[in-house]
1. Kindly indicate whether residue 156 is surrounded by 10 or more Cβ atoms within 10 Å (Cβ to Cβ) and assigned to a loop (DSSP other than H, G, I, E, B).
2. Of 267, 258, which residue is touching a residue at least 12 places away in the same chain (Cβ under 8 Å) and either touching a helix residue (DSSP H, G or I) at 6+ places or on another chain (Cβ under 9 Å) or exposed (fewer than 14 other Cβ atoms within 10 Å of the Cβ) (or both)?
3. What's the total number of residues in the range 201-213 that are farther than 17 Å from residue 140 by Cβ and outside any strand (DSSP E or B)?
4. I need the full set of residues from the range 112-130 which are farther than 19 Å from residue 71 by Cα and surrounded by fewer than 10 Cβ atoms within 10 Å (Cβ to Cβ), in order please.
5. From the list 254, 269, exactly one residue is modelled with pLDDT under 95 and either in contact with a strand residue (DSSP E or B) (Cβ under 9 Å, 6 or more places away or on another chain) or on the phi < 0 side of the Ramachandran plot (or both). Which is it?
6. Mind checking which pairs have a first residue in the range 51-73 that is farther than 20 Å from residue 125 by Cβ and a second that is surrounded by 11 or more Cβ atoms within 10 Å (Cβ to Cβ) and modelled with pLDDT of 95 or more, Cβ under 7 Å, 6 or more apart or different chains?
């Protein structure tokens, strides 16, 4: 290995004579930093639709009125009877009189007493089948972009084109979205301490029963040299997912809050 230094140039050659380091070549270096606090990122509730679930042949019972009729009933009405008496006398030539009384039973026949009796035959309840529908998340991709901070400027106040950034972040999830299928919060990958990332960071995710991913929420921090801004893009990817629930109150939205220490870098030209 050979080492050469001349003026402001440093050059290192390996054992084969090839250049392994040369300050005349592009080299990454940090030209500025920025601190940004209270960067809020919000994701909204997800949309759902109703899809067929299953059929149950006895979902509920239907009750119909009993079959009833008014039936005429004749009830005997007691007859009214009384006795009439008649006296009979016989007279003899001798002057003897003999009398006796005869009783006749007289009855007044009354018509039957008529009334109506309500007779009901109960109808058994009937099983009624019904189709059931469940809520299903609708596949979608949504995104939004927001400014984070302006790019560094040179001594003349002109914005400097940035080649790369390194971000040290702290943050937390202030509101956790709920996966309605399992009635549990979405898994968050935001650590409790400081973490670094370049480009993108996964914030929330959830998997299907077979382990495949159906849901992700990501932030990406990128440089927009044309607009002289550092920007943050939030992106949500949702796949179709049945919830196995007939209804629920939407509660999938999440809130995050971050503090960023940003290192702006360039390659020496």
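The values are calculated or read from the model by the stated rules, or taken from the named source; none is laboratory data. Source: prediction; values computed, not measured. As a convention, Cβ positions derive from the backbone with ideal geometry for all residues, glycine included, and neighbour counts pool all protein chains shown.
1. Details: surrounded by 10 or more Cβ atoms within 10 Å (Cβ to Cβ): no; assigned to a loop (DSSP other than H, G, I, E, B): yes.
Judged against the criteria, residue 156 is not a match.
2. Values: 258 fails: either touching a helix residue (DSSP H, G or I) at 6+ places or on another chain (Cβ under 9 Å) or exposed (fewer than 14 other Cβ atoms within 10 Å of the Cβ) (or both).
Only one candidate passes the filter, namely 267.
3. Residues flagged as farther than 17 Å from residue 140 by Cβ and outside any strand (DSSP E or B) within the range 201-213 amount to 4.
4. Result: 124, single match.
5. Details: 254 fails: modelled with pLDDT under 95.
Exactly one residue qualifies, and that residue is 269.
6. So the pair list comes out as 51/133; 51/134; 51/136; 52/133; 53/132; 53/133; 53/134; 54/132.
Table: residues versus (1) surrounded by 12 or more Cβ atoms within 10 Å (Cβ to Cβ); (2) at pLDDT below 90.
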{"site": "175", "(1), (2)": "yes, no"}
{"site": "178", "(1), (2)": "yes, no"}
{"site": "184", "(1), (2)": "no, no"}
{"site": "191", "(1), (2)": "no, yes"}
{"site": "208", "(1), (2)": "yes, yes"}
{"site": "211", "(1), (2)": "no, yes"}
{"site": "214", "(1), (2)": "yes, no"}
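Here's the yes/no breakdown for (1) within 20 Å of the chain's Cα centre (by Cα); (2) assigned to a loop (DSSP other than H, G, I, E, B):
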position: 170; (1), (2): no, no
position: 215; (1), (2): yes, no
position: 245; (1), (2): yes, yes
position: 251; (1), (2): yes, yes
position: 255; (1), (2): yes, no
position: 259; (1), (2): no, no
